[in-house]
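First comes the structure, then the notes that go with it.
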Amino acid sequence: MVKLAVSGKGGVGKTTLTAVLAHLFARDGYNVIAIDADSDMNLPSALGVKQVKPLSGLKDVIEQRVKGPLGTYKVNPRVDDVFEAYSVRNEDGVRVAVLGTIEKGGDGCFCPENAFLRAILRHAIFREKDVLLIDMEAGIEHLGRGTAKGVDLLIAVVEPGVRSFETLSRIEKLAEDIGIDRVGVVVNKYIETERSKELVENLDKPLLGVIPYSQAFIEADLENLPPYRVVDLEPFIEIKNNIMRMVGR
């Protein structure tokens, strides 16, 4: 149905956005998959899931599926059963998986662990009839050029500040490099000032929505509650609707 990658620098709220969108899609009856591809691995707790084993830690499975004789390995190992076995459903029925750490050696890094994790992503992205949300790091290194072709939209989450908008420029460049042609922006923790209004008005990518600053996000984190239980969902519903319009659904 729709495949979304969510990116942004640390602390801007991309995990919160991913979790709330997953909740909203599941509430509307979609079959939702949420993958944590961030090294901080906070998405499971944001979705009310206690423990999910990182796929990068499946050393025996990687050995069996990826490695071949004389130091060779398979670039496209079979992973469909692995994905099903090592993901967990939350109370909304969202299937949650955690990639774990991936080496960032650029295009020349072809270690077995990277091949395994990228195969997991390819499997998830090219599934039929699913809503997929991937909580990325700012660098989106997990997505190779072939995998990126299956992503309908890259959502860049920013705060209304110069440093966060500088990260947005980097995300846009990386998206262009690997062939993602749709990038939308969500502005989080928004407090209206003349400068913040100016930054938002001068965006050169489509604005999916603005999430006002709220103490409720901090309270959710302190109480270890999924954010969608305590925050105002209206800004997120608007973002979800704009996403669907942007991807033509």
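The values are calculated or read from the model by the stated rules, or taken from the named source; none is laboratory data. Keep in mind that what you see is a predicted model, and the values were worked out from it rather than measured. A quick note on method: Cβ atoms are made from the backbone with ideal geometry, for glycine too, and the neighbour counts reach across all protein chains shown. To get the accessible areas, we keep the full protein, side chains included, count just its heavy atoms, and leave off ligands, DNA and RNA. Shrake-Rupley method; radii C 1.70, N 1.55, O 1.52, S 1.80 Å.
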Under 17 Å by backbone N from the virtual spin label 7 Å along Cα-to-Cβ at residue 89, the residues of segment 13-41 are 22-35
Of all stretches in the chain that avoid GluC sites (Glu not before Pro) placed in a DSSP loop and having at most 10 other Cβ atoms within 10 Å, the longest is 1-127
Percent antiparallel among DSSP beta bridges confined to the chain, nearest 5, equals 10
So, relative contact order of the chain in percent, Cα under 8 Å, 6 or more apart, is 27
Heavy-atom accessible area ranking, 1.4 Å probe, most first, across 28, 80, 181: 181, 28, 80
Could you list the residues of segment 2-42 with an amide nitrogen less than 19 Å from a label point located 7 Å from the Cα of residue 241 in the Cα-to-C-beta direction? 20-30
Using label points projected 7 Å from each Cα along Cα→Cβ, tell me how many nm separate residue 192 and residue 204, to one decimal. 2.8
Accessible area per residue of the chain at 1.4 Å probe, in Å²? 47
Within 12 Å, Cβ to Cβ, of residue 160, how many net charges do the neighbouring residues add up to if Lys/Arg are +1 and Asp/Glu are -1? -1
For the chain, taking Cα atoms only, what is the radius of gyration to one decimal and the Dmax to the nearest whole Å? 17.8, 62
Work through the residues other than residue 225 whose Cβ is under 15 Å from its Cβ and net out their charges, Lys, Arg +1 and Asp, Glu -1. -4
Two-site label geometry, residue 232 and residue 214: point separation in nm, points 7 Å out along Cα→Cβ: 0.7
Carbon plus sulfur, as percent of the 1.4 Å-probe accessible area of segment 162-245, comes to 47
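When Lys and Arg each count +1 and Asp and Glu each count -1, what net charge do the other residues less than 9 Å away from residue 15, Cβ to Cβ, add up to?
-3
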Distance between modelled label sites at residue 163 and residue 149, nm, 7 Å Cα→Cβ extension: 3.9
Based solely on C-alpha atoms, express the radius of gyration and the Dmax of segment 1-100 in angstrom. 15.2, 50
